[in-house]
Amino acid sequence: KYGCRSCTNVVKTAPGPDRVIEKGIMGKGFLAQVVADRFQNHMPYYRLEKKYASEGLDLNRSVLQRSMARVAELLEPIWRRLHTEVMSSPAIHTDDTTVTIVNNGSGTSRKGRVWVYLDLKGRHYYDYTESRNRDGPMKILEGYEGYIHADAFPGYDQIFTHTGATEVACWAHARRYFVNAESTDPELAKGAIDRIRKLFRVETSAKDLDSAARHRMRNEVAKPILDELNAWLEVTRTKVLPKSPMGTAIGYALNQWDALTRYLDDGRLRIDNNAAERAMRPIAVGRKNWLFYQSDTGGRTAAIIMSLLESAKAVGVDP
């Protein structure tokens, strides 16, 4: 502040520094550190409270939690832009996982859901919903007409029926059914797993090709393997009980056959949905540390911030 006896304005005050949070004491750099500690290093707020206290900072967990909610509020326009860009991709990967929501008032808990929508360039768009109701993905994918890599969740069926999107199923998911059947039908399960392994070897050989060359290679090399596998499944189905592990595995593969073979249509598509499953790993690792969200608002805060963190990591930017 400066004072001048000769001026009309006796005291002149310079503007203060910009604040992320009005009247807040935490600057941009410190808030960015809290974001990284909480959502990248998966440290729960009570541990952050202790960590900062040991460094001489008196910041309780509720202040940290409210600060992250405010950060998410400020970043929401970028999150919404990510959604727009992901939905402009010709193909996306999607998956979901559960998180626990605790009601502090009653001490009860329930299951919420975190979804990821991942495009071909590595952009991650996370969303939070209170349940696995199909309304969640319907809202996000409304109007999308490209390819969707997904599991066989029935909630997606209406999307494929009404929006014009095309389903691409996951061979890694189908393979797991046969792995589960190894304990009861080892020889038959091995027959399926060996054939599926050949399909993945084709993908390994084609990984450095451009999409057009990959498309040609798949139709020349992988399609005969798929035709032979389909015939083998039809014959083997008559030898096992429909509800046995092997019968379930065969039933899943044949019911999903059109979607499982759709990756042959376009060289940009993947044989599996592992990209989305990898995108779910930070949530799975995180919930072993922070255990739960305290509210649906906390789930939304995490979805917004995780979208930016994981998209940054995917393109080599330090979050």
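The values are calculated or read from the model by the stated rules, or taken from the named source; none is laboratory data. All of these numbers come straight from a predicted model, not from anything done at the bench. In this analysis, Cβ positions are derived from the backbone assuming ideal geometry, glycine residues included, and neighbour counts consider all displayed protein chains. Ligands, DNA and RNA are stripped out before the accessible areas are found, and what is left, the full protein with its side chains, is counted by its heavy atoms. Shrake-Rupley method; radii C 1.70, N 1.55, O 1.52, S 1.80 Å.
Between the alpha-carbon centres of the range 263-319 and the range 187-255 there is a gap of 28 Å. Annotation: lysines with alpha-carbon distance below 23 angstrom to Lys51 (same-chain offsets under eight excluded): Lys28, Lys288. Measuring only protein heavy atoms, the 1.4 Å probe finds Glu76 accessible over about 40 Å².
Using mean Cβ contacts within 10 Å as the protection proxy, how do 119-132, 154-167 order, highest first? Each step should come with its number before you reach the end.
Values: 119-132: 19.6, 154-167: 14.6.
In decreasing order of mean packing, 119-132, 154-167 become 119-132, 154-167.
Do me a favour and compute the ellipsoid semi-axes for the range 102-167 from its Cα gyration tensor, root of five times each eigenvalue, largest one first, whole Å. Intermediate values should be presented prior to the final figure.
On the way: eigenvalues 146, 41, 16 Å².
Equivalent ellipsoid semi-axes, largest first: 27, 14, 9 Å.
For the chain, the longest principal axis of the C-alpha atoms and the axis of helix 61-87 are separated by about 50°.
Dividing the Cα radius of gyration by the Kirkwood radius, what Rg/Rh value follows for the range 185-319?
Values: Rg = 19.8 Å, Rh = 18.1 Å.
Computed over Cα atoms, the ratio is 1.10.
Listed by chain and number, the lysines placed with their C-alpha closer than 23 angstrom to that of Lys223 are Lys190, Lys198, Lys207; residues fewer than eight positions away on the same chain are left out.
Restricting the calculation to Cα atoms, every distinct pair contributes to the Kirkwood radius of the range 254-318, found to be 14.6 Å. Building the convex hull from the alpha-carbon atoms of the range 1-127 and averaging its projection over directions returns 13.3 nm². Using a Gaussian network model on the chain with a 10 Å cutoff between Cα atoms, which of Val221, Val34, Val11 fluctuates the most? Fluctuation is largest for Val11. Seen from every direction in turn and averaged, the convex hull around the alpha carbons of the chain projects onto 24.1 nm². Rounded to the nearest whole Hz, the Karplus-based 3J(HN,Hα) values (6.51 cos²θ - 1.76 cosθ + 1.60, θ = phi - 60°) of the range 88-95 follow the sequence 8, 6, x, 8, 9, 10, 9, 7, with x at glycine and proline.
At a Cβ-Cβ separation cutoff of 4.7 angstrom, cysteine residues of the chain with no neighbouring cysteine are Cys170. Accessible area ranking (1.4 Å probe, heavy atoms, ligands and nucleic acids excluded), largest first, for His83, His42, His149: His83, His42, His149. Compared with the dominant Cα axis of the chain, that is its longest principal axis, helix 274-290 is turned about 50°.
Accessible surface comparison of Cys170, Cys4, probe 1.4 Å, protein chains only, largest first: the order is Cys4, Cys170. Based on every Cα atom in the range 213-283, Rg and the maximum pairwise Cα distance Dmax equal 14.9, 42 Å. In whole angstrom, the range 131-257 maps to an equivalent ellipsoid with semi-axes of 27, 22, 12, each derived as √(5λ) from the alpha carbon gyration tensor and ordered largest first.
By how many degrees, 0 to 90 and rounded to 10, does the Cα axis of helix 223-237 deviate from the longest principal axis of the chain? The angle comes out near 70 degrees. Measuring from centroid to centroid over Cα atoms, what is the spacing of the range 62-81 and the range 123-163 in Å? If we compute the Cα centre of each part, the gap is 24 Å.
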